[in-house]
Amino acid sequence: MATERVRHFLEFSDLSRAELEHVFARTRIIKDRFKRYQAYQPLTDRTLAMVFEKASTRTRVSFEAGMYQMGGSVIHLTTGDSQLGRAEPIEDTARVISRMVDIVMIRTFEQSKIERFANNSRVPVINGLTNEYHPCQILADIYTFLELRGPIQGRTVAWIGDANNMAYTWVQAAEQLGFALNFAAPPGYGPDPARITRGPHLTLCQDPRQAAAGADLVTTDVWTSMGYEAEGDARRKAFAHWMVDSGVMAAANPNALFMHCLPAHRGEEVSADVIDGPQSAVWDEAENRLHVQKALLEYLLLGFEVQ
Ligand code: CP
Ligand code: NVA
């Protein structure tokens with residue numbers, strides 16, 4: 001069955017700037033209602049299936065709590081407890097699940113796997129993290145910046161670390177929303193030239209302090225992402241001087257925020273005084289996963305016609 005008209009969120013750039021602005025505006029409304037214990041349940045009788053092929057705390061809790069809060073329900077699947085672990089083709093899994101639920105969230109390895117699922121799905125598919133992208137996290141990060149510092153357009157973000165799923169999603173967001181990204185990775189761990197477009201939105205830097213200079217937001221992530229554990233020893237050596245510490249934060253603008261998608265490793269990619277210090281926004285950032293994803297679910301299921 002042709003599924004061209006179904007909207008998915010597989011990469012950050014799947015939503016236009018106008019759609020992203022709508023999602024952020026709805027996030028503010030939905031969060032405000034939630035804080036006032038005002039019920040908002042537009043997704044009654046709707047079901048979200050979540051498929052996890054990698055571990056999760058925040059993504060699972062935020063999608064599951066969010067769906068229930070909006071009146072819907074959730075089914076949680078993992079590789080080990082579904083036929084995916086016994087090699088049922090992803091295309092067949094997509095055809096079946098998408099006849100039974102209204103929307104699907106997937107956390108998996110290759111982006112091609114989520115694309116194959118989406119190409120065979122009758123319902124919207126959301127990327128809950130792949131090796132290549134983590135778009136829901138960047139929605140939360142940008143919403144958090146908006147909430148604490150105002151629009152991100154024209155501002156500068158410093159990415160200090162691996163060219164991983166978070167990093168490539170920041171690159172897309174910078175181009176989509178019109179801000180500057182300073183990107184510093186150790187030699188051998190920088191972005192693949194084939195996966196980035198060069199332009200005013202992206203500056204490749206030599207070291208963390210150069211990237212942080214003039215930044216309004218400094219952000220980093222683990223040295224070794226899920227699925228790359230075999231490279232752990234080599235990465236620990238390569239990233240040894242790639243920690244966001246107070247010296248790096250001092251190079252940024254005085255009111256710069258620090259963000260990290262979590263889970264974090266204090267003493268590796270970030271020092272304890274930074275992540276637990278006054279510039280850190282990591283707890284608001286984590287909480288905002290809940291609120292932005294409720295707005296995303298609402299948009300993918302109900303479009304612009306909402307109250
Ligand atoms: N940031 C994030 O996606 O966290 P989890 O791995 O806990 O879901
Ligand atoms: N880059 C990390 C993010 C975890 C939320 C990973 O993929 O493991």
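Please treat every number below as a calculation from the coordinates, not as lab data. What you see is a predicted model; the values in this text were computed from it and never measured. No Cβ is skipped: glycine too gets one built from the backbone with ideal geometry, and neighbour counts run over all protein chains shown.
What the table shows:
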item	result
Search result, residues across region 236-259 that are of a type in the set (Val, Ile, Thr) and in contact with a Phe, Trp or Tyr (Cβ under 7 Å, 6 or more places away or on another chain)	VAL244
Index of the failed condition, ALA215 passing every other in (1) under 22 Å from VAL23 (Cβ atoms); (2) in contact (Cβ under 8 Å) with a residue 40 or more places away in the chain; (3) away from ligand 1 (no atom under 16 Å from the Cβ)	(1)
Selection status of ALA184, touching a Cys at 6+ places or on another chain (Cβ under 7 Å) and more than 16 Å from ligand 1 (Cβ to nearest atom)	yes
Where a residue in region 253-277 is touching a residue at least 60 places away in the same chain (Cβ under 8 Å) and closer than 20 Å to THR59 by Cβ and its partner, wherever it lies, is within 16 Å of ligand 2 (Cβ to nearest atom) and of a type in the set (Phe, Trp, Tyr), with Cβ under 8 Å and at least six apart	GLU269/TRP223; GLU269/PHE239; GLU269/TRP242
Filter result (more than 23 Å from LEU296 (Cα to Cα), assigned to a loop (DSSP other than H, G, I, E, B) and not acidic (Asp, Glu)) within region 59-104	THR79, GLY80, SER82, ALA87, PRO89
Filtered residues of region 141-167 (kept if in contact with a His (Cβ under 9 Å, 6 or more places away or on another chain) and within 28 Å of ARG236 (Cβ to Cβ))	ASN164, ASN165, MET166
Index of the failed condition, TYR168 passing every other in (1) assigned to a helix (DSSP H, G or I); (2) within 16 Å of ligand 2 (Cβ to nearest atom); (3) touching a Ser or Thr at 6+ places or on another chain (Cβ under 9 Å)	(3)
Selection within region 261-299 - acidic (Asp, Glu), within 13 Å of ligand 1 (Cβ to nearest atom) and buried (at least 16 other Cβ atoms within 10 Å of the Cβ)	GLU285
Residues within region 105-140 that are of a type outside the set (Ser, Thr, Tyr), more than 13 Å from ligand 1 (Cβ to nearest atom) and in a helix (DSSP H, G or I), tallied	8
